[in-house]
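A short write-up of the structure that comes next.
The values are calculated or read from the model by the stated rules, or taken from the named source; none is laboratory data. The structure presented is a predicted model; accordingly, all values stated were derived computationally and were not measured. Ideal geometry is used to build each Cβ from the backbone, glycine not excepted, and the neighbour counts take in all protein chains shown.
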Amino acid sequence: MYSGERTERTLTKGRVSAGFLCVLALCLAAGAARTERKLLGDESDGSRAQPLHRIELLAAPGDESKGPLTVDPNIDPKAEVLQPFSTRYTCGMCHSYAIIKRGWHFNYVDPNVDPGRPGQPWIYVDARTGTQVPLSYRAWPGTFKPKQFGLTDRVFTKIFGRQTPGGGAGEQTTDNPDEIMRQYISGKLDINCLSCHNGDPRQDQGGPAGYAVQISRGNFRWAAAASSGLALVKGSAEDMDDAYDPFDPFAIETAGTGKKPPPTITYHKNVFDRENFVFFDIVREVPSNRCYFCHSNLYVGSDGAEKWACDEDVHLKAGLTCVDCHREGIAHNTIRGYIGEQETSTNEPTAASSCEGCHLGESSSSDPVAGRLGAPVPEHRGLPPVHFERLTCTACHSGPWPAAQPYVTKTSMAHRLGTPNVNKASQMLPHIASPVFARQADGKIAPHKLIWPSFWGVLRDGKVEPTALGAVTKVITDVLAKEKFPSSGDWPDLTADHITKALTALAAGGSLEGKAVYVTGGRLYSLDDSGQLRGEKDHPAAKPYLWPLAHEVRPAPQALGIRYCTDCHGTDAPFFFGNVTVDTPVVADRQAQKMVQFEDINSFYAWAFAFSFVFRPWMKIVVLGSSAVLALVLLFYVLKALGCVVKVLAGENS
Amino acid sequence: MARTISTRKRSLVDVLRLLAYLVALLSFAVLAVTGFYPVLILGEHISGYLVMVHATFAPVFAVCLAFLTVVWARNCQFAQGDWPWFDRIVQRVTLARGGDGESPRKRSGLGQKITFWLIVLLALPLALSILLSMYPLLGTHWQEFLLSTHRYTAYVFALVVIVHTLLLRRMKAKK
């Protein structure tokens, strides 16, 4: 009894405390909401007209605690340093930067953001060490965190920032002592609003002095201005030593006398008007051409590998743009457009922006919404409805028409398409294959892009931890020093002997806690106790990484199954029996796997089912013939019965 | 001699009839199991090996049914005495003289005849619904309608077949 009373009192106390905490949390949240005051450009007044952007340029201060600097082209260069404008401060005057940076293109560094359906990873490639790994800050199963390979945010940005709109890893404050000064010199890579929203044709993302090049030179602070078409940036922050101060005119003058010039900006003439204001041709709806810089695909070997010979996505040709489906507001919470996204997205039109959302209409909606943007409502004549349960729309409609072997596929993000000095050889790493028809997490089969990871690591407690790239490069480069590396950027031809030597060298380093391993082509290579090389097939760490492809949508008359069921249900149809090559530098392992293996379908069953279609026309004839006989007999006796009835009604005694 | 040949011919037809009936029964059992098990027991659509078996036995059953219809149809014609109540109504309406009433022996095949003609009648939507869905003629909505037609016709068809078989067995037993 006494104990019960005490428990009750404790519970009451707990409830009071919890209630107090809830009220406090609500007050804090309300206070926080009040502090996030809306800026001029955060909310539309309803006008569909493009607002004029004639604005003052603001630059980031050297000390972040201070306010922004106004860019004045008429300063005395000996007394002050002409700074590149910062989009964070210039655009941030009217658009809440803090809200925008939570958008899909920038929030990948936040572990609390739902990763959603697996997407395209960044792929780190080094043919000299036999490395090809899918990287992502997002928790997509099968990808690795850049940190696992020893890539800091700064290094990651320097390698991959070229095809990002800035932000994310590029504006993380480093706590690495080796990088603090480098970040001071380079600056942070702010979100580059102009990457997407600049309507000026001079916007230069991939030119010789454009955005991508500036990032590779470590000129993060200068990248947005250099690509805007308003200024020219020369020099490289990467070439400057740690003592260099980009805000000190004397340091710049001194560095300018050396062989490696410091990063400097020169604004073009007539950019500034009399009041030192600048006109920006800002577009609210991003043109597709801007998206293409980071989101182009090239299917090597398909009929339409060349742009002029290749049809674009049917939606673009119908007059839509990327942002008609991939919509977002000021929160930049881009709609990705897959089924089920609405469960995690706060973006209102998410459900209505998938294939089904536009073409069939959102089932939960009370109003008719099918046929949005003029989308035809599909008839799917003769297609058994079970296909809609087993396949995504993209399975039949997206990507190139499947061939006996998936195409070698190049993407902007993986092969830095559209940037200077790209290796145009078809075999250039990384090796992405598509379309690979594979089963998704929701159980449906969809076309995917696929990459086989290859990396060096350590096996500990059955799990493989990648070895830092720096450590690997030192050891493996020595082992493969005498090997020839193809100029095409393809893999070197590795043998078991190479791997044995490399694993021995890695183990001899002594810094590894565990067993040195090499993961490649779906196998895990390690040395046994006697020093013999053994390859373990189907190790979880060696699984390929697949991400769905959805674009290059073909028109209905080019959808799979348009000719006959055997487009897919043929005994040699690529949909089930295409050969997916296992990509690896190890020559002996370059074999192929059938597509059915990625679809989790029994190979014999798929073949038997396909084989049954050989007899399908006969079956139709037999059933149709039998039905005709039944109908005739029925008709004959019905007529006969009718005759009897007529006779009876006529008074004849039958 | 002619009589001998005639007898031999009749027996061949009888054998064929019996064979067709047995094959039809077997096919029906396979079709019912493969068709109803996934839908009624597992709550799924028919798929996998079951659909392959189902599609293999369907034409066999169709052929047997067509054959049996041809050979049984004459015997299953409705005769005047199959429904005396109808005969009486007709007599009252037409003031015609009727026959002397049917003996119980003749009336015993009525249920069998009705189920026979029901089988023939139901077999048509059953076969044609699935056959139509295999041609690129109708869109998704109609495809679903055809599948529903196939499914619900199959339920009724199966019941009628079972009743017909039971009646046939009862009649054989009586004989």
Go through (1) in a helix (DSSP H, G or I); (2) surrounded by 22 or more Cβ atoms within 10 Å (Cβ to Cβ) one by one and return the number of the condition A:I180 breaks. (2)
What is the number of the single condition among (1) touching a Cys at 6+ places or on another chain (Cβ under 9 Å); (2) touching a residue at least 24 places away in the same chain (Cβ under 8 Å); (3) farther than 26 Å from B:P125 by Cβ that A:D567 does not meet? (2)
Can you pull out the residues in the stretch A:92-124 that are part of a loop (DSSP other than H, G, I, E, B) and without any contact (Cβ under 8 Å) to a residue 60 or more places away in the chain? A:C94, A:D110, A:P111, A:N112, A:V113, A:P115
It is to be established whether one or more residues within the stretch A:174-184 are among the basic types (K, R) and touching a Ser or Thr at 6+ places or on another chain (Cβ under 7 Å). no
Taking the stated definitions as given, is B:F86 out of contact with any Ser or Thr (no Cβ under 9 Å at 6 or more places or on another chain), part of a helix (DSSP H, G or I) and at pLDDT below 75? yes
Restricted to the stretch B:140-149 and to residues being more than 7 Å from chain A (Cβ to nearest Cβ) and surrounded by fewer than 17 Cβ atoms within 10 Å (Cβ to Cβ), the residue farthest from A:M619 (Cα to Cα) is B:H141
If you check A:V458 against the conditions, is it assigned to a strand (DSSP E or B), more than 17 Å from A:V300 (Cα to Cα) and not hydroxyl-bearing (S, T, Y)? yes
The residue from B:L12, B:L22, B:L50 that alone is farther than 27 Å from A:P617 by Cβ, assigned to a helix (DSSP H, G or I), more than 8 Å from every other protein chain (Cβ to nearest Cβ) and over 15 Å from the mean Cα position of the chain (by Cα) is B:L12
The one condition A:H569 fails out of (1) within 12 Å of chain B (Cβ to nearest Cβ); (2) surrounded by 15 or more Cβ atoms within 10 Å (Cβ to Cβ); (3) part of a helix (DSSP H, G or I) is (3)
Which listed residue is in contact with a helix residue (DSSP H, G or I) (Cβ under 9 Å, 6 or more places away or on another chain), under 30 Å from A:G329 (Cα atoms) and surrounded by fewer than 15 Cβ atoms within 10 Å (Cβ to Cβ), from A:R221, A:R290, A:R284: A:R284
The stretch A:26-76, subset under 17 Å from A:A225 (Cβ atoms) and among the acidic types (D, E), residue modelled with the lowest pLDDT: A:D72
Are any residues in the stretch A:526-581 touching a Phe, Trp or Tyr at 6+ places or on another chain (Cβ under 7 Å), closer than 23 Å to A:R616 by Cα and hydrophobic (A, V, I, L, M, F, W, C), and if so, which ones? A:L560, A:C565, A:C568, A:F575
Could you please tell me which pairs satisfy a Cβ distance under 6 Å, a separation of 6+ or placement on different chains, a first residue in the stretch A:230-243 that is under 23 Å from A:D72 (Cα atoms), and a second residue that is small (G, A, S) and buried (at least 17 other Cβ atoms within 10 Å of the Cβ)? A:A231/A:A225; A:V233/A:A226; A:A237/A:S186; A:A237/A:G218
Anything in the stretch A:621-654 that is surrounded by 13 or more Cβ atoms within 10 Å (Cβ to Cβ) and more than 10 Å from every other protein chain (Cβ to nearest Cβ)? List them, or say none. none
Criterion violated by A:A441 - all others in (1) part of a strand (DSSP E or B); (2) farther than 26 Å from A:P492 by Cβ; (3) of a type in the set (A, V, I, L, M) satisfied: (1)
Scan the stretch A:388-405 for residues that are closer than 17 Å to A:I339 by Cα and either surrounded by fewer than 18 Cβ atoms within 10 Å (Cβ to Cβ) or at the interface with chain B (Cβ under 9 Å from one of its Cβ atoms) (or both) and jot them down. A:F388, A:E389, A:R390
If you go through B:L122, B:L159, B:L168, B:L137, the only one that is under 15 Å from the mean Cα position of the chain (by Cα) and surrounded by fewer than 15 Cβ atoms within 10 Å (Cβ to Cβ) is B:L159
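Restricting to the stretch A:136-148, name every residue that is under 26 Å from A:D478 (Cβ atoms) and buried (at least 21 other Cβ atoms within 10 Å of the Cβ). Don't jump to the end; show me each part of the working.
From the stretch A:136-148, those under 26 Å from A:D478 (Cβ atoms) are A:144, A:146-148; that's our starting set.
Residues satisfying the conditions are A:F144, A:P146.
Considering only residues that are over 42 Å from the mean Cα position of the chain (by Cα) and at the interface with chain B (Cβ under 9 Å from one of its Cβ atoms), which ones fall in the stretch A:599-620? If you could, list the steps in order and put the result at the bottom.
Taking the stretch A:599-620 as the starting set, the residues that turn out to be over 42 Å from the mean Cα position of the chain (by Cα) are A:615, A:617-620.
If the condition is that a residue be over 42 Å from the mean Cα position of the chain (by Cα) and at the interface with chain B (Cβ under 9 Å from one of its Cβ atoms), then A:F615, A:W618, A:M619, A:K620 are the ones that fit.
Would you mention how many residues in the stretch A:44-91 are part of a loop (DSSP other than H, G, I, E, B) and surrounded by 11 or more Cβ atoms within 10 Å (Cβ to Cβ)?
Within the stretch A:44-91, the first condition is being part of a loop (DSSP other than H, G, I, E, B), and the residues that meet it are A:44-52, A:57, A:60-68, A:71-86.
Right, trim to surrounded by 11 or more Cβ atoms within 10 Å (Cβ to Cβ) and you get A:44, A:50-51, A:57, A:60-62, A:68, A:71-73, A:75, A:77, A:80-86.
The number of residues fulfilling the criteria is 20.
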Of the residues in the stretch B:53-83 that are more than 7 Å from chain A (Cβ to nearest Cβ) and touching a residue at least 40 places away in the same chain (Cβ under 8 Å), the one that is farthest from A:V623 (Cα to Cα) is B:C76
Does A:T584 count as polar (S, T, N, Q), part of a loop (DSSP other than H, G, I, E, B) and touching a strand residue (DSSP E or B) at 6+ places or on another chain (Cβ under 8 Å)? yes
Counting only residues that are part of a helix (DSSP H, G or I) and in contact (Cβ under 8 Å) with a residue 40 or more places away in the chain, how many does the stretch A:613-635 have? 1
With A:D239, A:D200, A:D245, A:D190 as the choices, which residue is among the acidic types (D, E) and crowded, with 19+ Cβ neighbours inside 10 Å? A:D190
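Kindly indicate which of B:L128, B:L137 is within 20 Å of A:F613 (Cβ to Cβ) and within 13 Å of another protein chain (Cβ to nearest Cβ).
Details: B:L128 fails: within 20 Å of A:F613 (Cβ to Cβ).
Residue meeting the stated conditions: B:L137.
Give the number of residues within the stretch A:369-386 that are within 14 Å of another protein chain (Cβ to nearest Cβ), among the hydrophobic types (A, V, I, L, M, F, W, C) and part of a loop (DSSP other than H, G, I, E, B).
Filtering the stretch A:369-386 for residues within 14 Å of another protein chain (Cβ to nearest Cβ) gives A:370, A:376-386.
When the remaining residues are screened for being among the hydrophobic types (A, V, I, L, M, F, W, C), the result is A:370, A:377, A:383, A:386.
So of that shortlist, the ones also part of a loop (DSSP other than H, G, I, E, B) come out as A:370, A:377, A:383.
Qualifying residue count for the region: 3.
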Of the conditions (1) in contact with a helix residue (DSSP H, G or I) (Cβ under 7 Å, 6 or more places away or on another chain); (2) surrounded by fewer than 17 Cβ atoms within 10 Å (Cβ to Cβ), A:H359 fails just one. Which one is it? (1)
Given the conditions (1) aliphatic (A, V, I, L, M); (2) closer than 27 Å to A:F277 by Cα; (3) surrounded by fewer than 19 Cβ atoms within 10 Å (Cβ to Cβ), which single one is not true for A:A251? (2)
Among the residues of the stretch A:364-372, are any modelled with pLDDT under 95 and either under 30 Å from A:H569 (Cβ atoms) or in contact with an Asp or Glu (Cβ under 7 Å, 6 or more places away or on another chain) (or both)? yes
